[in-house]
1. Can you pull a Stokes-Einstein diffusion coefficient for the range 330-389 at 20 °C (1.002 mPa s), Rh from Kirkwood over Cα pairs, as a whole number of µm²/s?
2. Could you tell me, in Å, what Rg and Dmax come out for the Cα atoms of the range 67-194?
3. Kindly express, to the nearest 10 degrees and within the range 0 to 90, the angle between helix 114-129's C-alpha long axis and the longest C-alpha principal axis of the chain.
4. Return the Rg/Rh value of the range 220-259, two decimal places, where both radii are evaluated on C-alpha atoms and Rh is the Kirkwood radius.
5. In Å, what Rg and Dmax follow from the Cα atoms of the range 1-133?
6. If you average the C-alpha positions of the range 211-241 and of the range 124-151 separately, how far apart do those two centres end up, in angstrom?
7. One-quarter of the Cα convex hull surface for the range 253-357, in nm²?
8. Highest first, please rank the peptides 51-62, 233-244, 118-129 by the mean number of other Cβ atoms sitting within 10 Å of their residues.
Amino acid sequence: MDPLVTGARPVAAPNDAVFAAEWALPVSSPAIRHGAVAVVDGRIAWVGPIDALPVDFAGLPVETLTGILAPGLVNGHTHLQYTGFAELGRGAYRSFEHWSEAFEVCYEAVVDPEDWGRAAREGVQLAMRSGTTAMAEIVTDGPARGVLAEAGMQGIEYLEAIGETERRWDQGGRAAFLAWLDQEYPGAVGISPHAPYSLDGEVIRDLTALARERGMRIHSHVGESEVEATLYADGNRDVLEIYGDMRDEFALIRSGGTGLSTARYAESIDLLGADSHLAHGIYLERADRDLLRETGTRVSLCPRSNRVIGLDAPPVADYLREGHEIAIGTDSLSSSPSLDLLGDVAALASAARDQGYVDPDLHHRLVDAATLGGARVIGRDDLGALAPGMRADLAVFDVMTVGDEAPEHALVERGEGSCVLTVIGGRIRHRR
Ligand SMILES: [Zn+2]
């Protein structure tokens, strides 16, 4: 007999507990005033008003906090290895190409590869302290790998390929990438072809085929630069400026473009699909956005990064009106002021209003995007909501509602910087 079982009811495991707050925001169901969640064995066993706590959980320790109890946030786009480049993210740039030049100088200045791992570990702690419990994380350099699992954070580490022409790929690039992919690391792995402009189309086809053979998810940057569309259509080389003379080797330059729009080109190289999500999606026309939706391709919007780089705000109002299930990402500290996802949530609310979005569902949909939306882009149906059976990944934000304000409204508008508790898999990982 299991020594932990006495009589009919198991003795509580060390982390089993009830968390209660002014509001519980399950996301998948309506908000609950004086709501609570019972956590058993790292999973959510019950959600409801604290007054209605079932007798089964009456023996558990109860932690009561002020503010809003919500699912842990799911960051839909990060690069934690650039956490050490925060100075870059505090700057202001004229364009994606201008920022890229500054970024390359910082990147080349890193001499100790272990710095990537140290920066990624610091980033994961920063994210946890702001209520993030899962992320879509891009890894460019080996030492930054394995950091999510090591910290207990959920999510996918997407191994990135960048700057590969067909020739380079055939002459060692592919073999090196495969060797990297085959290394054993804890945690889920995906594949990130950096962007349709920084890799030859044939290389991206190969990468997406590899991902699909192995059942891995795909994540890429699309529609971030104002000029990238002119590369796909006409072979304009502006977005490839940082590659110097090597840019002439890219197939799109040699062929003078394909005549296709950004999303059509992405589709032609097998980058779209329900197993793929894109970061940014700023410079996409209606037909391109429709193609994403029709192919099940989701987008992570990163408005604060876009602002630092000098880009336009993402067309969030259009994405919402057109029925996309969006996610939200911070991007890295090299282009963003913080890894607090609620900073980007507030920025999207403001952008949506500026773009004329007046539907009353705005705050609810943005909370959905920061939780369930993120869970969808990493292919997880056990994250992003407070409901029985879900993983006990929770966060409490010390924000009070005013009058008859909905908790979603308070969380979106004033949640940034307010996280007081983060629980991952039932374990308290941050407390303030
Ligand atoms: Zn990025």
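No value in this document is a laboratory result; all are computed from the given coordinates. From a predicted model like this one, the values you see are computed outputs, not experimental measurements. Quick reminder, even Gly has a Cβ in these numbers, built from the backbone with ideal geometry, and neighbours come from all protein chains shown.
1. On the way: Rh = 12.9 Å.
For the chosen part, D equals 166 µm²/s.
2. Spelled out, the Cα radius of gyration and Dmax of the range 67-194 are 15.8, 56 Å.
3. Once rounded, one gets 40 degrees.
4. Details: Rg = 9.5 Å, Rh = 10.1 Å.
Rounded to two decimals, Rg over Rh is 0.95.
5. Answer for the range 1-133, Rg first and Dmax second: 22.1, 68 Å.
6. Cα centroid of the range 211-241 versus Cα centroid of the range 124-151: 24 Å apart.
7. Working: hull surface 29.7 nm².
Computing the convex hull of the Cα atoms and averaging its projections yields 7.4 nm².
8. 118-129, 233-244, 51-62
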